[in-house]
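What follows is a short report on a single structure.
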Amino acid sequence: MSDNETRPANGPAWFGVIAACLFVLRVLVGVIAAPPAVAIGLTVVTTILFVMLPVVALFRASAWEWSGKLAAAFLIVGVALHVGGVLGAGQAGDRGLASVVLSAVAQTGLLIWCMGLGALVSLLIKEKNLLLPVAIFLAGFDIFLVFYPATPTARIVENNPAFFQKIAMSVPQVRQEAPPGEAPKTAGIEPLAHVGPADLFCIATFFACLFRFKMRVRETVRWLVPVLIIYLILAFLPIGIGMLPALVPIGLTVLLVNLREFQMSREERQATWGVGVIALALAAFGIYARITHEPTEAQSEPSISDSAP
């Protein structure tokens with residue numbers, strides 16, 4: 001029996017409350033500066049919150065009885081806020097209170113449209129057994145997209161990191177006070193890491209499906225948050241990796257937590273194994289291409305320090 005017999009009450013209201021809290025927290029992080037030791041400690045706390053709260057918000061909103069019209073409305077409104085916030089922040093400049101507020105508006109819009117897109121995609125999945133091959137394929141395909149040097153994802157992140165940062169969810173860090181004798185720093189968002197929009201809308205898709213098929217969605221959330229926090233820590237380890245495919249831990253967590261929910265026929269199991277082989281081949285090819293890739297003279301090797309993981 002699933003642990004999700006009923007949908008939690010007030011899901012949409014909780015989504016709005018959490019989105020508002022993220023907005024306020026993002027503005028505060030952008031305008032407040034602290035001594036270095038305090039800033040580091042606060043950054044650890046805020047990093048956990050900026051990973052946990054979006055996941056919880058998507059979990060709450062996914063409990064809604066989604067329809068195509070409602071999901072499309074979320075998508076349109078979210079895109080408008082995201083694009084408007086990005087353009088407004090660009091006009092306001094890189095620093096200043098106006099830039100911080102408009103960046104927070106853009107990030108709120110990102111969360112909204114990812115929820116809408118995720119809900120739309122979830123409506124296309126008519127049977128819960130489809131989640132298994134979908135999650136497996138997405139994990140392998142995400143590894144391919146991240147590591148293969150010629151994919152649009154890799155090219156954007158390496159050659160145009162500023163564009164990626166505008167469309168991704170940022171995990172900001174608390175600013176450190178200027179040293180004595182220097183002018184105080186103006187307000188501004190200083191990103192510590194970025195989470196791609198594909199990761200967010202895939203989380204929303206999985207959650208919406210888990211709710212509709214009455215699977216173990218609450219248990220999935222309880223595992224997914226710490227898994228993503230640990231995965232983010234891996235991106236900062238001094239092992240030469242600044243970008244990791246987040247759909248791997250997302251898909252694996254969803255599958256492992258809900259594995260007992262899948263009752264598949266022989267043909268479905270065979271098809272799933274086939275998808276797994278394809279996903280594994282894509283992942284292996286992408287990693288091999290990255291390892292053996294030699295940049296041309298015109299293409300300098302990207303520096304991980306130039307953009308957040």
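Restricting attention to the stretch 96-124, report how many residues are over 21 Å from the mean Cα position of the chain (by Cα) and either open to solvent by less than 40 Å² (accessible area, probe 1.4 Å) or of a type outside the set (A, V, I, L, M, F, W, C) (or both).
So the answer is 2.
Please verify whether V174 is modelled with pLDDT of 85 or more, crowded, with 21+ Cβ neighbours inside 10 Å and more than 30 Å from V275 (Cβ to Cβ), treating the condition exactly as stated.
On the way: modelled with pLDDT of 85 or more: yes; crowded, with 21+ Cβ neighbours inside 10 Å: yes; more than 30 Å from V275 (Cβ to Cβ): yes.
Here the answer is yes, as V174 does meet what is asked.
Looking at the stretch 149-171, is at least one residue modelled with pLDDT under 75, closer than 30 Å to A71 by Cβ, surrounded by 17 or more Cβ atoms within 10 Å (Cβ to Cβ) and not β-branched (V, I, T)?
Yes; the residues of the stretch 149-171 include at least one that is modelled with pLDDT under 75, closer than 30 Å to A71 by Cβ, surrounded by 17 or more Cβ atoms within 10 Å (Cβ to Cβ) and not β-branched (V, I, T).
Among the residues of the stretch 66-77, are any over 18 Å from A198 (Cβ atoms) and open to solvent by less than 20 Å² (accessible area, probe 1.4 Å)? Can you show your working first?
Here is the first cut: in the stretch 66-77, the residues over 18 Å from A198 (Cβ atoms) are 66-70, 72-73, 76-77.
Then drop every residue that is not open to solvent by less than 20 Å² (accessible area, probe 1.4 Å), which leaves none.
No, that holds for no residue.
Identify, please: which residue in the stretch 25-65 is in a loop (DSSP other than H, G, I, E, B) and among the aliphatic types (A, V, I, L, M) and is, among those, farthest from A106 (Cα to Cα)? Outline the logic, then answer.
Step one: filter the stretch 25-65 for residues in a loop (DSSP other than H, G, I, E, B), giving 32, 35, 63-65.
Subsequent filtering for residues that are among the aliphatic types (A, V, I, L, M) retains 32, 63.
On the way: I32: 20, A63: 24 Å.
Filtering first and then ranking leaves A63.
The values are calculated or read from the model by the stated rules, or taken from the named source; none is laboratory data. Keep in mind it's a predicted model, so treat the numbers as computed, not measured. Cβ atoms come from the backbone with ideal geometry, glycine included; neighbour counts cover every protein chain shown. Heads up: the accessible areas ignore ligands, DNA and RNA and are worked out on the full protein's heavy atoms, side chains in. Shrake-Rupley method; radii C 1.70, N 1.55, O 1.52, S 1.80 Å.
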